[in-house]
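Accompanying notes for the structure given below.
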Amino acid sequence: MNYLIFSKYKINNRIFKNVKSYIYTFFSKIFSQILYIPLMFYFWGVEATGVWIFLTSILNSVNIFNINASEYSFQELILTNKKNIENIYSNSLIITFINSLIISLIFFLLFYFFFSNLDILNSINIKNLFEILISLTIIFFLQNLINFLYIHFYVRGELNFNNYNRELIDLTYKLIIPFSGYMYSDLRILSFFYLILISSNFIYLLFVIKRKSNIHFQIRLINFTQIKKIFYGSLNFNYINLTNIINTSFLNFFIGFFYNAEILALTNALTMLFKNMLTRLISIGNEILMFEIPFLSKREKNKSLDYKKFHNKISFFLVIVYLISCFFIGEKIFNYWTLNKFNNYNYLMWVIIFETITFIAMINYLNIFKALNILKGLSIKILIITIFSYFVINVFQNKYMVIEMIFITLSIKNILILFFLKFFYSKRLKL
């Protein structure tokens, strides 16, 4: 009896710490996002801001080729017993390191030979663009390793450390990058500051892990069978991640391909204010449940299901409040936030709001499958639906060039995936 009380106290204390860190992260991101766009517009201008968004979107879009073992390994470590932890960790680290090197090379070649001549980059000379490319390539490699190193804290349920570290880097980035325009006008400076920031974080994490972590890399545990198992298991998460990349960074590339830098800046500003804030708030519950569902499914199955139902109720309440707020003060806040830089965006704003609601409904349900590592056969189908939706977008944009139809198509895609999950895959849930 005393053990059960102590166990519940530990769980509730862990959840409280993690929730507190997510709430801090949420408000910190609101603060940084409120500052980031207007500061970038003020110090760098709308065109340079659009170019920088495009460059960093390519950096994230290259993850299309990335076989990242992190997420699968994170969930597998929670579901497995203690004696297998270092086995999974060591083989996952090898996959991450080798894969990051290969993808970094792909990123460099892809950018240099295919993207450097696009009209949106005409304002940057080839020498400067090459130096930016070198910086972004190193950043990409280090970020992949950093994302994997968070496993040391995730396996203990210490999501709060990961959140605080990520948010400190993100907040620093959103302050240093815009203000650098006060002294400089060369976009290379942005990439140099970004590289210094990511490198410093990588060194710091290595120092903390050496002092506090009980998980160590063991070369003797490396074996092909385990690598193969992790590789195929990771593919399912990577199909989901690829879907997310297509819906975010690739979407920016897509808009930049069909439209100019100003339109890209507008859609990003609308998405940041009317989508990212709400989805990040609701993702607090989803991120915590990514640990708690597999952790509790082995002990208290009904408890993990109760957590999920409670999260859905909170999500519904937040969506209602969000819609009312958008109706009464949405445009006023956006105009003030963007320094009245844009006109005639009302219809696009509401289309993005509708896409946001459908996305939240879909992602809340998908999160259960991710938490329990039961994505086999499911994630590839979601990816195919997403790719097909962008094929439809491409055909429509080539013929009509109506940007609102991009987000209408994405809303239909979200609804299709949600029904697909509920009617064809709900039996896989083991809660």
Revision key, fill the gap. XL table K20/K212; K20/K341; K29/K127; K20/K228; K229/K275; K275/K413; Cα-Cα > 27 Å flagged, in table order, is K20/K341; K29/K127; K20/K228; K229/K275
**Study point:** Neighbour net charge for I246 - beta-carbon separation under 15 angstrom, K R +1, D E -1
**Key:** +1
Check your understanding: Of (1) 68, 56, 49; (2) 63, 45, 44; (3) 64, 47, 38, which one was derived for Cα extents along the principal axes in Å from the structure shown?
Key -> (3)
Point to revise | Highest to lowest packing among 104-111, 318-325, scored as the average C-beta count within 10 Å | key: 104-111, 318-325
Check your understanding: So how much slack lies between V321 and N398, counting 0.36 nm per residue of separation and subtracting their Cα-Cα distance, in nm?
Key -> 24.0 nm
**Study point:** Positive minus negative residues near N346 (Lys, Arg vs Asp, Glu; Cβ under 13 Å)
**Key:** -1
Revision key, fill the gap. Placing +1 on each Lys and Arg Cβ and -1 on each Asp and Glu Cβ in segment 144-216, then taking the dipole about the Cα centre, the residue among N160, I215, N201 whose Cα reaches farthest towards the positive end is I215
Review point. What is the magnitude of the charge dipole of the chain about its Cα centre, with +1 placed on the Cβ of each Lys and Arg, -1 on the Cβ of each Asp and Glu, and no other charges, expressed in debye to the nearest 20?
Key: 2080 debye
Check your understanding: Okay, helix-only estimate at 222 nm for the chain: each DSSP H run of n ≥ 4 adds -39500 (n - 2.57), divide by all residues, round to 500 deg cm²/dmol; what do you get?
Key -> -28000 deg cm²/dmol
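Only the coordinates and a few stated rules stand behind these numbers; no lab work does. Keep in mind that what you see is a predicted model, and the values were worked out from it rather than measured. All Cβ positions, even for glycine, are placed from backbone atoms using ideal geometry, and neighbour counts span all protein chains on display.
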